[in-house]
Amino acid sequence: MELCFRGYLAASHLLQWEPMRWHALVILDSGVEPTGFVAAHTLSHEYLVFDDIESPRPTRRPPTEALIEQGLKFAAGKERLLVCCRAGQGRSASMAYLIRCRDVGAPEAVALLDPTRHRPNRLVVELGDRLLSELQPLQAFDDWRHRHGHIRLSDYYDEMEREIDRLVEAGARDLITGQISA
């Protein structure tokens, strides 16, 4: 399986340049409605709606085991899968990791994660661990997090901003939700 995960901006750009080549698992924030872009540019798609939170918060929708299971079921058997969320660092990284765990096991799947780019949502991984318990994705994830605990994402913000600027200069826009990023 070819698997990639991105933020909405980069995912929109990819789907514009490679229409009808990807299946897409799109994670939306609660209260956000998608445009018709994903449906028009993918082979198939699934929307999951939950916020990037790791503990309950008023007005925020947490991930659930049922949503994670829905995402895993959708991903099964897909040759080319794009997983995206608003920033491409938390929820989509977590879902991509769980999908890869199922396909190749947790020790190999953790290689998908870049500690200078990703802060996977631990609650998503924890819920996935209940579904894939024999693969122990949570243990491998926690080990990865511990090994890279000294790396601060904020040290890489300038580099990430330059990547976003390059996408914008190339004409990328968030066509998935139509929202303008701050």
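The values are calculated or read from the model by the stated rules, or taken from the named source; none is laboratory data. The model shown is predicted, which means the values in this text are computed figures rather than measured ones. No Cβ is skipped: glycine too gets one built from the backbone with ideal geometry, and neighbour counts run over all protein chains shown.
Among the residues of the range 1-45, write down those that are touching a His at 6+ places or on another chain (Cβ under 8 Å), under 11 Å from L81 (Cα atoms) and not in a loop (DSSP other than H, G, I, E, B).
H23, A24, L25, V26, S44, H45
Restricting attention to the range 132-144, report how many residues are part of a helix (DSSP H, G or I), in contact with a helix residue (DSSP H, G or I) (Cβ under 9 Å, 6 or more places away or on another chain) and surrounded by fewer than 17 Cβ atoms within 10 Å (Cβ to Cβ). Even if it seems obvious, please write down each step before you answer.
Within the range 132-144, the first condition is being part of a helix (DSSP H, G or I), and the residues that meet it are 133-135, 137-144.
Retained after the next criterion (residues that are in contact with a helix residue (DSSP H, G or I) (Cβ under 9 Å, 6 or more places away or on another chain)): 135, 137-144.
Next, only the ones that are surrounded by fewer than 17 Cβ atoms within 10 Å (Cβ to Cβ) stay: 139, 142-143.
Counting residues in the range 132-144 that are part of a helix (DSSP H, G or I), in contact with a helix residue (DSSP H, G or I) (Cβ under 9 Å, 6 or more places away or on another chain) and surrounded by fewer than 17 Cβ atoms within 10 Å (Cβ to Cβ) gives 3.
On the given criteria, is V83 within 15 Å of E65 (Cα to Cα), at pLDDT 95 or above, within 16 Å of the chain's Cα centre (by Cα) and surrounded by 13 or more Cβ atoms within 10 Å (Cβ to Cβ)? Give the derivation first.
On the way: within 15 Å of E65 (Cα to Cα): no; at pLDDT 95 or above: yes; within 16 Å of the chain's Cα centre (by Cα): yes; surrounded by 13 or more Cβ atoms within 10 Å (Cβ to Cβ): yes.
It is false that V83 is within 15 Å of E65 (Cα to Cα), at pLDDT 95 or above, within 16 Å of the chain's Cα centre (by Cα) and surrounded by 13 or more Cβ atoms within 10 Å (Cβ to Cβ).
Could you pull out the residue among A76, A109 that is crowded, with 18+ Cβ neighbours inside 10 Å and either out of contact with any helix residue (DSSP H, G or I) (no Cβ under 7 Å at 6 or more places or on another chain) or not β-branched (V, I, T) (or both)?
Numbers: A76 fails: crowded, with 18+ Cβ neighbours inside 10 Å.
Answer to the selection: A109.
With respect to I151, is the statement that it is in contact with a Pro (Cβ under 7 Å, 6 or more places away or on another chain), buried (at least 16 other Cβ atoms within 10 Å of the Cβ), at pLDDT 95 or above and assigned to a loop (DSSP other than H, G, I, E, B) true?
Spelling it out, it is not the case that I151 is in contact with a Pro (Cβ under 7 Å, 6 or more places away or on another chain), buried (at least 16 other Cβ atoms within 10 Å of the Cβ), at pLDDT 95 or above and assigned to a loop (DSSP other than H, G, I, E, B).
Within the range 125-148, take every residue that is small (G, A, S) and at pLDDT 95 or above and give me the one that is farthest from E69 (Cα to Cα).
A140
List pairs: first residue in the range 89-100 and of a type in the set (S, T, N, Q), second residue in a helix (DSSP H, G or I) anywhere in the structure, Cβ distance under 7 angstrom, at least six positions apart or on different chains.
S94/V124; S94/V125
Select, from L72, L123, L67, the only residue that is in a helix (DSSP H, G or I), of a type in the set (A, V, I, L, M), under 14 Å from the mean Cα position of the chain (by Cα) and more than 21 Å from A24 (Cα to Cα).
Working: L72 fails: more than 21 Å from A24 (Cα to Cα); L67 fails: more than 21 Å from A24 (Cα to Cα).
Residue meeting the stated conditions: L123.
Within the set of pairs 6 or more residues apart or between chains, which connect a residue that is without any contact (Cβ under 8 Å) to a residue 60 or more places away in the chain inside the range 32-45 to a residue that is surrounded by 15 or more Cβ atoms within 10 Å (Cβ to Cβ) and part of a loop (DSSP other than H, G, I, E, B) with Cβ atoms less than 6 Å apart?
Listed by first residue and then by second, the contacts come to T42/W22.
Looking at this structure, is E65 over 17 Å from L81 (Cβ atoms) and touching a residue at least 24 places away in the same chain (Cβ under 8 Å)?
Numbers: over 17 Å from L81 (Cβ atoms): yes; touching a residue at least 24 places away in the same chain (Cβ under 8 Å): yes.
Yes; evaluated as a whole, the condition is true for this residue.
Quickly run through the range 17-31 and pick out the residues that are in contact (Cβ under 8 Å) with a residue 24 or more places away in the chain and either more than 17 Å from R6 (Cα to Cα) or of a type outside the set (D, E) (or both).
R21, W22, H23, A24, L25, V26, I27, L28, S30
Among all residue pairs at least 6 apart or on different chains, which show Cβ distances below 7 Å where the first residue, located in the range 122-145, is farther than 14 Å from P62 by Cβ and the second is outside any helix (DSSP H, G or I)?
Pairs found: L135/G105; F141/P120; W144/L113.
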